[in-house]
Amino acid sequence: MHKARLTRKNKTMNDRPCLWGGRFLEAPDDDLLAFGASIAIDSRMWREDIAGSLAHARMLENVGVLSGSDVKAIEAGLISIAEMFENGEFVFVESDEDIHTAVERVLVEKVGEAGKRLHTGRSRNDQVATDTRLYMKNRTSEAIGQIKALCQTIVDVAEADIDVVMPGFTHLQKAQPVLFAHHMLAYFWMFQRDQHRMAEAYRAANASPLGAAALAGTSYPLDRRATACELGFVDADGMPQVVPNSMDAVSDRDFMLDAIYAASTTMMHLSRLCEEIILWSTEEFGFISLSDAYSTGSSIMPQKKNPDFAELVRGKTGRVYGDLITLLTVLKGLPLAYNKDMQEDKEASFDALDTLEQSLSTITGMLQTMTVHKDRMSTAAQGGFMAATDLADWLAKHSLPFREAHEVVGHLVLLAEKTKRSLSELRLDELQEACSLFDESALGVTDIAAMIEARTTEGGTSTERVKEQLELAKAALAASAY
């Protein structure tokens, strides 16, 4: 059996520009350099890299480390590079290991010696940590806005169909009737919690590691709080937030874990909602119809209208879970401080937030355009012996212990099932044969509307309580500071 062998090019460090070449005589193989590069993933952080470099350069001038002329040249060069990115004119070369290398290379090409002084008092360790925190702040902020938009859509759907009755389920078996609005608002509160979780991920990222250098800080008189302020690492009162320990500053990726965990939980809730959308849109349920724009057809069966996009969101949930496990595994067992393993943090984090963003947008649009079939839901709410609990409660309120009442009504359900009737179709004499406590007033509790309006406990499904809940939901949206 022949083993694959890596063919070395034996290039010297002079053959390729590099940020760390002074110590080495021989350059790594091209394949190894490609293996170690992260430019394909981290190039999207160019805005954050340029912002961090601008803040660092200005701070170095303010503390007397760089001259005004050098900083002026650096600023002009970095602004020009930003314009190149904006216009799609920035060209990466083979030696660009990461976004930091690429930006610095072009900066030196543009402004010469001044560009080489930019890295004074800074390591790629605190540079990448700064870029990543800035990027994650931006992405988590966007995710918060999208979750809020989904919450608003759920409120709109619930309010528009507040009079619609549907069967509530446990074990996917009909249990008790509920208002469709009540059912939808359950998802509102799930996503509200997701919004708070994502906000915590934002807060976790909101501390500056810049100035920690490689791991131990630096002998230059850096003003970490100044760069923190310029980059927006501030609390609600505008006070600068810096990571207090330089080793933790360059090695912490908890804020990324927080973001992926928040994304995973949101995807789990989206997946649950998608499962219901998929079921409700079947011919067997017929509770809703999806817009054509959010459905697909079959290549062989002309009649099919498939909820493919809801299914895809349900499937992509596993992908985001995988991203979380990936980063947890990358970080497991790493000694302090920075290790090359940490380069693997971005692909999982970026993928999780990309997937979440696409999924939130898809489901928000799907809910906004779906049609609710009120009559079909109402008809479905008539079946399933859902009045059973109310009959048992009626007996319990008339002095029969609930466990005995439960057994009595169980016999009535069996009778109705055998005679192919609903509980509301049983005669008074049949009720009384099962228990002499029954009188004519018991017949009224089997009415679906009465059952709905009887659920008056806080958070219940009566119309009045659901209206209260809608107001709470609107207040929660209005109070959101995100």
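The values are calculated or read from the model by the stated rules, or taken from the named source; none is laboratory data. Since the model is a prediction, treat every value here as computed from it, not as a measurement. No Cβ is skipped: glycine too gets one built from the backbone with ideal geometry, and neighbour counts run over all protein chains shown. Surface areas here come from the heavy atoms of the whole protein model, side chains and all, with no ligands, DNA or RNA. Shrake-Rupley method; radii C 1.70, N 1.55, O 1.52, S 1.80 Å.
Things worth noting here:
- The loop-placed trypsin sites (Lys or Arg not before Pro) in the range 298-399, going by DSSP, that have at most 16 neighbouring Cβ atoms within 10 Å of their Cβ come out as Lys304, Lys305, Lys332.
- Amide H contacts of Phe385: Leu423, each under 5 Å away and 5 or more positions distant or on a separate chain (H built 1.01 Å from N in the peptide plane; Pro and chain starts excluded).
- Which of Phe350, Val330, Gly315, positive extreme of dipole for the range 307-379 (C-beta unit charges): Gly315
- Rounded to the nearest 20 debye, the dipole magnitude of the range 135-266 is 260 debye, with +1 charges on Lys and Arg beta carbons, -1 on Asp and Glu beta carbons, and the Cα centre as origin.
- Here the contact order of the chain, divided by its residue count and restricted to Cα pairs under 8 Å and six or more residues apart, works out to 15 percent.
- When the convex hull of its Cα atoms is viewed from all sides, the range 104-222 shows a mean projected area of 12.4 nm².
- In percent, rounded to a whole number, the relative contact order of the range 26-178 is 25, using alpha-carbon pairs under 8 Å and six or more apart.
- Relative contact order, percent, the range 178-323 [alpha-carbon distance under 8 Å, six or more residues apart]: 22
- Pairs of Cα atoms farther than 22 Å apart, the range 325-402, %: 65
- Loop sites in the range 405-482: trypsin sites (Lys or Arg not before Pro), DSSP, at most 10 other Cβ within 10 Å: Lys420, Arg427
- Over all orientations, the chain has a Cα convex hull whose mean projected area works out to 33.9 square nanometres.
- Whole-number accessible area per residue in Å² for the chain, which is evaluated in the context of all protein chains at 1.4 Å: 49
- Under the Karplus curve 6.51 cos²θ - 1.76 cosθ + 1.60, θ = phi - 60°, whole-Hz ³J(HN,Hα) for the range 200-216, x wherever Gly or Pro sits: 5, 5, 4, 5, 5, 7, 7, 8, 8, x, 5, x, 6, 6, 5, 5, 10
- FRET efficiency for the pair Leu428 and Phe35, taken as 1/(1 + (r/R0)^6) with r the Cβ-Cβ distance and R0 = 60 Å, rounds to 0.15.
- Between the range 203-218 and the range 301-319, the alpha-carbon centres lie 43 Å apart.
- Loop trypsin sites (Lys or Arg not before Pro), the range 210-296 (other Cβ atoms within 10 Å of the site Cβ: 11 or fewer; DSSP): none
- Close amide H contacts of Gly168 (hydrogens built in the peptide plane, cut-off under 5 Å, sequence separation of 5 or more or a different chain): Ala175, Gln176, Val178.
- 3J(HN,Hα) along the range 159-167: 5, 5, 10, 5, 8, 7, 9, 9, x Hz, from the Karplus curve 6.51 cos²θ - 1.76 cosθ + 1.60 with θ = phi - 60°, whole Hz, x for Gly and Pro.
- Label point distance in nm, Glu417-Ser69, each placed 7 Å from Cα along Cα→Cβ: 9.3
- Each residue of the range 224-241 is assigned a 3J(HN,Hα), and the resulting list reads 5, 6, 5, 5, 4, 5, 5, 8, x, 7, 9, 8, 4, 8, x, 7, x, 10 Hz, derived from the Karplus form 6.51 cos²θ - 1.76 cosθ + 1.60 (θ = phi - 60°), x at Gly and Pro.
- Spatially proximal lysines relative to Lys305 (Cα-Cα < 30 Å; intrachain offsets below 8 disregarded): Lys148, Lys174, Lys316, Lys374
- Approximating the spin labels as points 7 Å out from Cα along Cα→Cβ, the Ser298-to-Asp223 distance works out to 7.0 nm.
- For Glu417, the solvent-accessible surface with a 1.4 Å probe is about 110 Å², rounded to the nearest 10.
- Between Gln358 and Glu464, the distance separating the two model label sites (each 7 Å from Cα on the Cα→Cβ line) works out to 4.9 nm.
- With K and R counted +1 and D and E -1, the other residues having a Cβ less than 13 Å from that of Gly68 yield a net charge of 0.
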